[in-house]
Amino acid sequence: MESNPFLEEDLDIRNRPESCILVIFGATGDLTHRKLIPALYNLAAEGNLPPGLKVIGFARREKSDAVFRDGLEKVIKEISPATYNQRLWESFSQNVFYHQSEFQDLEGYEGLRTRLEQIEAEGGGSGNRLFYVASAPEFFDDILLHLRDAGLNKVAANAGADAWARAVVEKPFGTDLVTAKHLNRVVNDTFHESDTYRIDHYLGKETAQNIMVLRFANAIFEPLWNNRHIDHVQITCAENLGMEGGRGAYYDTAGALRDMVQNHLLQLLSLIAMEPPTDLSADGVRDEKVKVLRSLRPMSGADEVGANVVRAQYTAGVVDGKEAVAYRREDRVNPGSLTESFVALRIHIDNWRWEGVPFYVRMGKQLPKKATEISIHFKQPPAVLFNTVPGADSENVLVIRIQPNEGISLRMQSKLPGPALRMESVKMDFQYATSFGKGSPEAYERLLLDAMAGDATLFARRDEVENAWKFIDEIEHAWHKAETPPKMAEYPAGSWGPQEADELLRQDGRHWRRL
Amino acid sequence: MENEKSEHLKEIPTELLGKEVPVKRIDSELREYFAADTGIARASLINLAIYSESVVRVSRNTEIIQELTREHACRALLVVSQPEGEMEVRAWVQAHCNIDSGGGKAVCSEQVTFLLGGSSADLVRNIVFAHLDADLPLVFWWQGELSEVFEERLFSRIDRLVVDSRNWSDPAVQFLRLAAADREEEATYVLHDIAYTQSNQLREAVALCFDDPAALEQVNFLEEVEVVYATGQRMTAVWLVAWMANRLQMELNPALSDGETFVFEPSSGSRSALKVSLFEQVDEGKSEQISPPMLRVSLMAAEGGARFDIVRSDDGQGAGFWHLKRSIPGRAENSELWPIRSYGEVGLVGEILMRAGRNRLMIELLPRVRALLTV
C-alpha cells in the first residue's frame, strides 16, 4: 500500500502535517515557553497535531523530563487557561522529552541521535525529524554543524522511503549580507534548501496570507494594481512600546531597519508588489517575491540614502498617558547610541508594473499606537467633472490592516445628502472579528503545521533573505561607514515620528496616512 | 378550526422571538433597530433559512441561531410551517448580538421568524425569497422529512441544502427523493447531511491510525470492522461504513449481508473480504454537546494481526476524547488522546458552514449509502 487510502482531500484541504519528532534547540528559552509549546499544545487541543508527534527539548541546563514538563505545564496554565485540560496535558506531555547538552558538544548530538533512534524503534514512528533552531543566534552555526557531524541531517538508514529531516531556523537570518550568506552556507551545508524553513512569523498572520487572496481571487483589484491607477503605497508598522523588559540590549545592536524592515516589512512589500505566481506552490510564490526584491532600486552612497531614508531616535515624551524616557536613556542602551528607533524609506521598484510608484515604508518605536497597515493610494480621477466641488480632492485608499483589528477598508467619495453638490469620503470597512466570529490562529501554529507538512510557502527562501540584505546593507553602510553620514533625526516619544519623515513625503506632494 | 389554530399558537414561546411585526414592516423594523443604536454593527455573510414543520422546535431553533451567529454572521430566517393549519402568516424580528472577537463593539445578526399556517409551497417560497439579504448565498436547513414544499422552484434557488437523515423515519425513501431532485437540471445546490458531517472526525481518526508506515502496511490485511453506535445514530454509522468501502475500493455483497452485518468484496486485486458489523448501544447520561455518535470503531486484521481501536473516553470534567490505540505485532502499543469536537447541532452545522466546498465525497458516497439501506 503506497499511500494512506483513508486520507481525504475534502476533509482537510491544506497540506497534511506528517508525524515526526520535533527537536527544539533552545528549549529553556522564552520562545519555546511562550510561543512554541503553547502553539503545539493548542494544536493538540484542537486535534490538529499529527498522531505520534514527539517533542524533544534540547538545551544546556540540567533537567529531567519531568522537571521540563512541569515548567511547560505552568506556562500553559498561565497562557492558555481556557484550553488547559489536565488529561489532555498528560497525554500531550508524555510525548515531550528533555535532552541536556551544550550546543558545542558533539557528544550531546550523538546522544540525541541514539535517543531519536530509540524513540522511533519503540513507537514504530515515521522516521521524520524536524529540528527547530530557536536558540540565541550565536549558536546557530554550532547547532547546524554538529547536526551534520552527528549525521542527523539525513534520514535514518532504516526509515521509510518518504522520511525526511528538516530544519526550521528562527530570525535573525544574519545581521548583514555577509553574515546572512555565511549562515545560509552553514544551513545548506547541513540541510538541502528545500528542507530549510526560515521563520518570519509575519507571514503566518492571517491578514498577510489574505493579501494574495485579495489580489488574485477578486477580479476587481488586479486590473487596477499597477502604475496607471496606483499613485503610491504606504506600509506602516507602529509600536507604542520602547525598550521594556531589557529589550534594549538586543535592539541597540539591530535597530528598526534590521529588526523589522529587512524581514517583515519587505515581505509585506513583496506580497503587495509581486506578479501573480504561476501556481500556489512554495517556489511558485517565492519566485515572484524574489523578483520584487531584486527589482528594488538600490541606494548607493550617503547622498542617495539621505534623500530617501530618514532615521531617528525618540526623545522623552508621553506614550499612552505615561512619561517615556529618551531612547538613549533606556535600560541597556548605549547612551551614545547611533541606532535608529524609527526609520522611513522611499522605495522604488524598477519593473513595468511599478515604474514611478513610490512605496513609503516606516517603522517606529514609541509611536502613539500599535498598528501595522498597508495602504494603497489610488490616483485621482480626471479633474473635469467634480474638480471644483468641495471635498473632491480626496483619493481612493484601500487599507489592509495586518494587526490589530485585522481587516480591509476602502475609502471612496460620496455625495453628501442635500440640494448642494458636496462630496465627502466614506469608508467601507470589513473586519475579520466582525464578519468571522472565529479568531485567527496564532502564526506559530500555522507555521509549525506547514513545516511538518513540507509546505514552505510562508517561509523565507535563501535568495529572498540575501536580496533583502543586499538592499538594506547599502543603507546601513551609508549610515555607519560614510564620511558624512545622513543625520540622525529626533522625535518626541508619543508622536508619529520626526518632521523629516513628513518632509520625505511632502517633497513628493504627499503625506503619511493618519492611522 | 379556531380552536385548532389557538392550540398551535400556545405551543410557540413567542416571547423568545422578539418583536412581532406585520410582514410588510420587517425590513423597516430592522432598519430602525440598527439605526437606534450606533454602538452595534450588523453583519451578514450568508442567508440561513431553517425550515421546520414542528412548532416544538421553535425555542431550540432560536437558541441554535443565537449560538451559530457567534461565529457565522448571517441573516437567519426561521420558518415554522404548519401545512395542515388555517392560512395565517405571522412574523417576529430580533437581533442576536455578540461582542466581537477583538473585544470591541457588539456585532449583530438578525433573526426573522415566520409562522406559516396552512402553508403551501408557494407561500414558503415567497416568504423566504422576499426576505433574503441580496447577493449572499442561501443555506437552507431542512429539518425533518422532506414534504411537498420541497419542490423545484424552491430548491433551484438554494446554494446549500442541509438535511439530517438521523431524523428521517425512512432514510432510503428520503434519499431517493433527493436523488430525484438531483436529476433536475435546476438543482445546483450542494447537499449536506448532518449525519455525515458527524462522521468527519471519526474519518479523520481512522485516517490517523494509518498515518505511519508500519500501520499503513496493515491496511491490506484488514478483515473485520466493528462499529458500536449510540442509539439514534445509525445513519452516521452507515455513512462511515460506506466511506470505508469507498476508500478501500470494495463492493457490497448483498447476498452475504443483512441490516447489521455487511460483507464487502474487493473491486480488484487479491485482498480478502471485509466484514463490517454494526452494534447499537444505549448511551445514557451524555449531554448533546460531548456525546459523539460512536462508542467504538475497531479495525482488525486476521487473528493475531494488527488491531486499531478508536474508543470514546470522557474525563468526567465535561471534556471528551477519542482514545486512539494502535496495536501492531512487533511494535510497542501506541495510544493517544484526541479531543472530541462538539457533536451538538450547532457544532455540526457550524462545521458545514465553515468548510463550505462542493462536498464531493459525500455526494460520491450516496449510491453506496442507498445500497446499504436497502440490504
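So residue B:201 fits all but one of (1) within 20 Å of the chain's Cα centre (by Cα); (2) more than 14 Å from chain A (Cβ to nearest Cβ); (3) modelled with pLDDT under 90; what number is the exception? Unmet for residue B:201, out of (1) within 20 Å of the chain's Cα centre (by Cα); (2) more than 14 Å from chain A (Cβ to nearest Cβ); (3) modelled with pLDDT under 90: (2).
Considered as a group, the residues in the range A:459-514 that are open to solvent by less than 60 Å² (accessible area, probe 1.4 Å) and polar (S, T, N, Q) include one that is modelled with the lowest pLDDT, and that residue is A:495. The residues of the range A:90-122 that are open to solvent by less than 30 Å² (accessible area, probe 1.4 Å) and touching a helix residue (DSSP H, G or I) at 6+ places or on another chain (Cβ under 6 Å), listed by number, are A:92, A:93, A:96, A:98, A:99, A:101, A:103, A:109.
The residues in the range A:82-116 that are out of contact with any Lys or Arg (no Cβ under 6 Å at 6 or more places or on another chain) and within 14 Å of another protein chain (Cβ to nearest Cβ) can be counted, and the count is 11. Could you check, for the range A:165-188, whether at least one of its residues is within 14 Å of chain B (Cβ to nearest Cβ) and surrounded by 17 or more Cβ atoms within 10 Å (Cβ to Cβ)? No, there is no match, as no residue in the range A:165-188 is within 14 Å of chain B (Cβ to nearest Cβ) and surrounded by 17 or more Cβ atoms within 10 Å (Cβ to Cβ).
Only helices (runs of 4 or more DSSP H) wholly contained in the range A:47-146 count here; list those with 3 or more residues that are among the aliphatic types (A, V, I, L, M) and over 26 Å from residue B:326 (Cβ atoms).
On the way: elements: A:65-79, A:86-93, A:106-123.
Correct list: A:65-79.
Could you list, in sequence order, the residues of the range B:317-349 that are open to solvent by less than 40 Å² (accessible area, probe 1.4 Å) and more than 9 Å from every other protein chain (Cβ to nearest Cβ)? Those that are open to solvent by less than 40 Å² (accessible area, probe 1.4 Å) and more than 9 Å from every other protein chain (Cβ to nearest Cβ): B:320, B:343, B:344, B:345, B:346, B:347, B:348, B:349. In the set (1) among the aromatic types (Phe, Trp, Tyr); (2) assigned by TED's automatic domain parsing to the domain that holds residue B:364; (3) open to solvent by less than 10 Å² (accessible area, probe 1.4 Å), residue B:221 fails one condition alone, (3).
Of all the numbered requirements in (1) crowded, with 16+ Cβ neighbours inside 10 Å; (2) of a type in the set (A, V, I, L, M, F, W, C); (3) modelled with pLDDT under 90, residue A:161 misses one, and that requirement is (1).
Confirm whether residue B:84 is modelled with pLDDT of 85 or more, surrounded by fewer than 18 Cβ atoms within 10 Å (Cβ to Cβ), of a type in the set (Asp, Glu) and not in a strand (DSSP E or B).
Working: modelled with pLDDT of 85 or more: no; surrounded by fewer than 18 Cβ atoms within 10 Å (Cβ to Cβ): yes; of a type in the set (Asp, Glu): yes; not in a strand (DSSP E or B): yes.
No; evaluated as a whole, the condition is false for this residue.
Every listed requirement among (1) open to solvent by 50 Å² or more (accessible area, probe 1.4 Å); (2) among the aliphatic types (A, V, I, L, M); (3) within 24 Å of residue B:342 (Cβ to Cβ); (4) more than 14 Å from every other protein chain (Cβ to nearest Cβ) is met by residue B:50 save one, (1).
Each residue in the range A:243-261 was checked for being open to solvent by 10 Å² or more (accessible area, probe 1.4 Å) and of a type in the set (Asp, Glu), and 2 of them qualify. The residues listed here are A:414, A:425, A:375; of these, the one that is crowded, with 20+ Cβ neighbours inside 10 Å and part of a strand (DSSP E or B) is A:375.
Residues are listed down the side, and each one gets a yes or a no for (1) part of a helix (DSSP H, G or I); (2) under 30 Å from residue A:41 (Cβ atoms); (3) in contact with a helix residue (DSSP H, G or I) (Cβ under 6 Å, 6 or more places away or on another chain):
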{"position": "B:329", "(1), (2), (3)": "no, no, no"}
{"position": "B:353", "(1), (2), (3)": "yes, yes, no"}
{"position": "B:361", "(1), (2), (3)": "yes, no, no"}
{"position": "B:366", "(1), (2), (3)": "yes, no, no"}
{"position": "B:375", "(1), (2), (3)": "no, no, yes"}
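For the range A:318-345, the set of residues classified as in contact with a strand residue (DSSP E or B) (Cβ under 9 Å, 6 or more places away or on another chain), open to solvent by 20 Å² or more (accessible area, probe 1.4 Å) and in a strand (DSSP E or B) consists of A:318, A:323, listed by residue number. The residues on offer are B:73, B:41, and the sole one that is within 14 Å of chain A (Cβ to nearest Cβ), open to solvent by less than 40 Å² (accessible area, probe 1.4 Å), out of contact with any Phe, Trp or Tyr (no Cβ under 7 Å at 6 or more places or on another chain) and touching a residue at least 40 places away in the same chain (Cβ under 8 Å) is B:41. Within the range A:16-44, if we keep just the residues that are open to solvent by 30 Å² or more (accessible area, probe 1.4 Å) and at the interface with chain B (Cβ under 10 Å from one of its Cβ atoms), the residue that is modelled with the lowest pLDDT turns out to be A:16.
Any residue that is assigned to a loop (DSSP other than H, G, I, E, B), within 14 Å of chain A (Cβ to nearest Cβ) and open to solvent by 10 Å² or more (accessible area, probe 1.4 Å) - is there at least one of those in the range B:58-66?
Of the residues in the range B:58-66, the ones assigned to a loop (DSSP other than H, G, I, E, B) are none.
Within the range B:58-66 (the criterion being assigned to a loop (DSSP other than H, G, I, E, B), within 14 Å of chain A (Cβ to nearest Cβ) and open to solvent by 10 Å² or more (accessible area, probe 1.4 Å)), the answer is no, since none of the residues qualifies.
All of B:225, B:219 fail the test of being at pLDDT 95 or above, within 14 Å of another protein chain (Cβ to nearest Cβ) and farther than 20 Å from residue B:343 by Cα, apart from B:225. Note on the range B:110-131: residues that are β-branched (Val, Ile, Thr) and assigned to a strand (DSSP E or B) amount to 2.
Residue by residue, here is whether (1) buried (at least 22 other Cβ atoms within 10 Å of the Cβ); (2) within 18 Å of residue A:193 (Cβ to Cβ) holds:
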residue	(1), (2)
A:268	yes, no
A:271	yes, no
A:276	no, no
A:281	no, yes
A:284	no, yes
A:288	no, yes
A:292	yes, no
A:302	no, no
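For residue B:255, the test of being open to solvent by 10 Å² or more (accessible area, probe 1.4 Å), small (Gly, Ala, Ser), within 28 Å of residue A:3 (Cβ to Cβ) and away from chain A (no Cβ under 14 Å) is failed. Confirm whether residue B:234 is away from every other protein chain (no Cβ under 14 Å) and within 26 Å of the chain's Cα centre (by Cα). Spelling it out, residue B:234 is indeed away from every other protein chain (no Cβ under 14 Å) and within 26 Å of the chain's Cα centre (by Cα).
Would you please name the residue that is least open to solvent (accessible area, probe 1.4 Å), looking only at residues in the range B:137-159 that are touching a Pro at 6+ places or on another chain (Cβ under 8 Å) and more than 21 Å from residue B:60 (Cβ to Cβ)?
Our first condition is that a residue be touching a Pro at 6+ places or on another chain (Cβ under 8 Å); within the range B:137-159, this holds for B:147-149, B:159.
Add one more test, that the residue is more than 21 Å from residue B:60 (Cβ to Cβ), and what stays is B:148, B:159.
Values: B:148: 146, B:159: 74 Å².
Out of the qualifying residues, it is B:159.
Listed conditions (1) over 20 Å from residue B:235 (Cα atoms); (2) in contact (Cβ under 8 Å) with a residue 12 or more places away in the chain; (3) part of a helix (DSSP H, G or I) are all met by residue B:174, apart from (1). Being away from chain A (no Cβ under 13 Å) and open to solvent by 10 Å² or more (accessible area, probe 1.4 Å): is that true of residue B:248 here? It is false that residue B:248 is away from chain A (no Cβ under 13 Å) and open to solvent by 10 Å² or more (accessible area, probe 1.4 Å).
Among the residues making up the range B:179-194, a single one is open to solvent by less than 10 Å² (accessible area, probe 1.4 Å) and either hydroxyl-bearing (Ser, Thr, Tyr) or without any contact (Cβ under 8 Å) to a residue 60 or more places away in the chain (or both): B:181. Exactly one residue among A:114, A:83 is among the β-branched types (Val, Ile, Thr) and modelled with pLDDT of 90 or more, and that residue is A:114.
The values are calculated or read from the model by the stated rules, or taken from the named source; none is laboratory data. Please read all numbers here as calculations on a predicted model, not as lab measurements. Every residue, glycine as well, gets a Cβ built from its backbone with ideal geometry; the counts of neighbours run over all protein chains shown. Just so you know, the surface numbers come from the protein's heavy atoms only, side chains and all, with ligands and any DNA or RNA stripped out. Shrake-Rupley method; radii C 1.70, N 1.55, O 1.52, S 1.80 Å.
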